1. Among the helices (runs of 4 or more DSSP H) contained in segment B:48-153, which hold 3 or more residues that are touching a helix residue (DSSP H, G or I) at 6+ places or on another chain (Cβ under 6 Å), at the interface with chain A (Cβ under 7 Å from one of its Cβ atoms) and over 23 Å from B:Gly206 (Cα atoms)?
2. Test A:Asp41 against the stated conditions and say whether it is modelled with pLDDT of 90 or more, in contact with a Ser or Thr (Cβ under 9 Å, 6 or more places away or on another chain) and not aromatic (Phe, Trp, Tyr).
3. Considering B:Ser336, B:Ser359, B:Ser343, which residue is without any contact (Cβ under 8 Å) to a residue 24 or more places away in the chain and either buried (at least 18 other Cβ atoms within 10 Å of the Cβ) or more than 24 Å from B:Cys312 (Cα to Cα) (or both)?
4. Tell me the residue from A:Tyr120, A:Tyr84 that is aromatic (Phe, Trp, Tyr), within 14 Å of another protein chain (Cβ to nearest Cβ) and free of Cβ contacts under 8 Å to residues at least 40 places away in the same chain, please.
5. Kindly evaluate A:Phe261 against the criterion of being in a helix (DSSP H, G or I), surrounded by fewer than 23 Cβ atoms within 10 Å (Cβ to Cβ), modelled with pLDDT of 90 or more and within 16 Å of the chain's Cα centre (by Cα).
6. Go through segment B:221-246 and report how many residues are part of a helix (DSSP H, G or I), aliphatic (A, V, I, L, M) and within 21 Å of B:Ser57 (Cα to Cα).
Amino acid sequence: MTSAAQLQTTAILIEPQRRLEFRLQEVWAYRDLIYFLVWRDIKVRYKQTALGTLWAILQPVLTTLVFSLFFGRLAKVPSDGFPYPVFAYVGLLPWQLFAYSLTESANSLVSNQNLIRKVYFPRLVIPLSAVLAGLVDFAIAFVVLLVMLFIYGIRPGVSIVLLPVFLLLAVVTALTVGLWFSALNVQYRDVRYIIPFLTQLWLLATPVAYPATLIPEHWRPWYGLNPMAGVVEGFRWALLGRAGNPGALIAVSVAVVLVMFVGGLIYFRRMESTFADVV
Amino acid sequence: MSEIAIHAEGLSKRYRIGACESYQTLRDSLTKAVKAAFRKPKGSSSEDTIWAVKDASFEIRQGDVVGIIGRNGAGKSTLLKVLSRITTPTEGRAVIHGRVGSLLEIGTGFHPELTGRENIFLNGAILGMSKVEIRSRFDEIVAFSEVEKFLDTPVKHYSSGMHVRLAFAIAAHLEPEILIVDEVLAVGDMTFQKKCLGKMNDVSRGGRTVVFVSHSMAAVENLCRRGIVMDRGHLVFDGSMRDAAQYYFGSVSTIRDSGDHIFDLINAGHRVFKVRKLLKRVELYTTGDQPANEGVRMGERLKIRVHFELPCLTDNFNIGIGFNNIFGQRIFTAYSIYEPDRSHGERSGPQVFVCDISSFTLTPGTYTVWIWLDVRNTEVDSIEDALQFDVIESDFYGTGRLPTSGMFVLEHRWTLDHHGVELENSEIAEAV
């Protein structure tokens, strides 16, 4: 077992950054800090709110109601043969996890600047714990989904065992975008204004309110270039056991996320040494 | 494990100060934002960079307690930041043997909404303690902080004193092999500061390596056996604490050597913002507008003429003059913001502000003067140790007895209350 303490008993070398190292094992050594930062974010999130944790349920439920009314009932958007509310809710679950985690992690370095300026720890800890804190809301909203599936009499098939994979994909996607934007945010505070705009556009480009089957068949794998399309389709496939195979689309999403994630890590690590000076 | 705790070789840190103005209009910030967007974050021309630390080489052995002293902006804090890995050096390298704990601030990461108990865990984790370590020291921390009763109250309801006590208690129970401390003692009331100093003493006696920065010479001299003096990024002295203190005070008084009453500020070394040199010159006069060549006699008039330049048309500008004694304590601050007559109107370009102190009553000694200029409520130019002058002994009370102790003299009188004595006498008489 390596703790942060034990890791530091070896000689520490301080020098200008030359080579690029990911030092992921160091992030692991600081897992207690990650734990407490996540715990802090969760504890503090609904402090001084009247409805508290209910917000974690209200947000996806109310959005589902509005979607069902306007897209499902009035615009008659198809829903792959499932009741529209279930269809939309299953899409909204990973979407809201993504949008929340992305926003939090993009702002995380700036909102934790007092830590960055005064204490050493691997900076990756900050956006990472911001993303992880979003999982609690997801878990609460997931319980509502189970109730909903029961009411509509939908039984998930064996494909549900792959749900954690798609959940991981959603988290990594959020972390990827979070890495890029949190590091950019240190230098350019414009990011704060880009994020709400970006998530809005991104929602429209993701098959949350509509099915991916609206996209012509031969174009569909390319739709996976938006990794959230892969995540949402994956969720529907795993939970609703939809006919049709989103495999190609998901494969493209996974590839895109992996490339962007490694790129984000490199960018983050390169900028990391300047955070304390610039933020 | 080797004997050496910290080995540094040519550590240097360069900061870019950019073309930043210390104050700006909305339009300025917009154009700056546009410019910044097209500028690469790294590699800019050398003229807008400063070396906060330059070529610092030293060796600290295990168990050494080292104090780093120097003026503001001498690079002390930057050096500590490099040693605690908060920022990377631009050049040079250092090797540290042992677990490092750095306290550049106490209570970092305290969350106001969380309770004292919760913040102990959070802050402990931020300082690098593991969950197990925090749990095992929890009771000690609580006892030291004296906030047992409020442990489950959100920290936002704490008084500032409780806040500081809790924060220090956590920090004090961090048990690294090498402790790096910056100015944390400059908080809290006197009793608490004493308690902190005591704890720091325990830490240094316990054979741990401590690197300590403070403006309080008393604290540094008390705790440290070895002293390093920094000046403008360079390590200029390294030796015993006593010698370091002497060197430091000696180096402060090199500014004025001509015995003149005019002090050039344009080339002053200790400018805080090196962007625009708006403060130009200071002249000192004493009673009868005589140039104060040899200093000012205690109780005489001190007239300070400050020449400066206003970068824009405004009526909102102020000059501040702070008088510090040789221990770095601020004894008196003269600030034009306290001047009730604000009828000078809008001005720009070269100005002369005159501060007239009709009776300068600080006790004899050498004083260091800090001068700063505010424009539109923002400090735009500031010089620490801008000049030094002497206050010369004088027969202030007109009795031929020269005041020797205290920091200043005050006009005062002594009288005997004959009436009060008579009353007491009559009471005694009645009792008998």
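The values are calculated or read from the model by the stated rules, or taken from the named source; none is laboratory data. What you are looking at is a predicted structure, and each value in this text was computed from that prediction instead of being measured. Note that we place each Cβ from the backbone using ideal geometry, even for glycine, and neighbour counts take in every protein chain shown.
1. Working: elements: B:76-83, B:116-126, B:131-145.
So the answer is B:116-126.
2. Numbers: modelled with pLDDT of 90 or more: yes; in contact with a Ser or Thr (Cβ under 9 Å, 6 or more places away or on another chain): yes; not aromatic (Phe, Trp, Tyr): yes.
Taking the combined requirement at face value, the residue satisfies it.
3. Numbers: B:Ser359 fails: without any contact (Cβ under 8 Å) to a residue 24 or more places away in the chain; B:Ser343 fails: either buried (at least 18 other Cβ atoms within 10 Å of the Cβ) or more than 24 Å from B:Cys312 (Cα to Cα) (or both).
Only one candidate qualifies: B:Ser336.
4. Numbers: A:Tyr84 fails: within 14 Å of another protein chain (Cβ to nearest Cβ).
Among A:Tyr120, A:Tyr84, only A:Tyr120 is aromatic (Phe, Trp, Tyr), within 14 Å of another protein chain (Cβ to nearest Cβ) and free of Cβ contacts under 8 Å to residues at least 40 places away in the same chain.
5. Details: in a helix (DSSP H, G or I): yes; surrounded by fewer than 23 Cβ atoms within 10 Å (Cβ to Cβ): yes; modelled with pLDDT of 90 or more: yes; within 16 Å of the chain's Cα centre (by Cα): yes.
Yes: the conditions hold for A:Phe261.
6. At the first step, the residues of segment B:221-246 found to be part of a helix (DSSP H, G or I) are B:221-223, B:241-246.
From the residues that got through so far, the ones that are aliphatic (A, V, I, L, M) too are B:223, B:241, B:244-245.
Filter once more, so that each one left must be within 21 Å of B:Ser57 (Cα to Cα): B:241, B:244-245.
Within segment B:221-246, residues that are part of a helix (DSSP H, G or I), aliphatic (A, V, I, L, M) and within 21 Å of B:Ser57 (Cα to Cα) number 3.
To keep it simple, each residue is scored yes or no on (1) within 30 Å of A:Gly81 (Cβ to Cβ); (2) assigned to a helix (DSSP H, G or I); (3) among the small types (Gly, Ala, Ser); (4) within 14 Å of the chain's Cα centre (by Cα).
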residue	(1), (2), (3), (4)
A:Leu167	yes, yes, no, yes
A:Ala174	yes, yes, yes, yes
A:Pro207	yes, no, no, no
A:Trp219	yes, yes, no, no
A:Gly230	yes, yes, yes, yes
A:Gly234	yes, yes, yes, no
A:Ala251	yes, yes, yes, no
A:Tyr267	no, yes, no, no
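The rows are residues; the columns are (1) within 16 Å of A:Gly91 (Cα to Cα); (2) more than 14 Å from every other protein chain (Cβ to nearest Cβ); (3) touching a residue at least 40 places away in the same chain (Cβ under 8 Å).
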residue	(1), (2), (3)
A:Ala205	yes, yes, no
A:Arg220	no, yes, no
A:Gly241	yes, yes, yes
A:Asn245	no, yes, no
A:Val256	no, yes, no
A:Arg270	no, no, yes
A:Ala276	no, no, yes
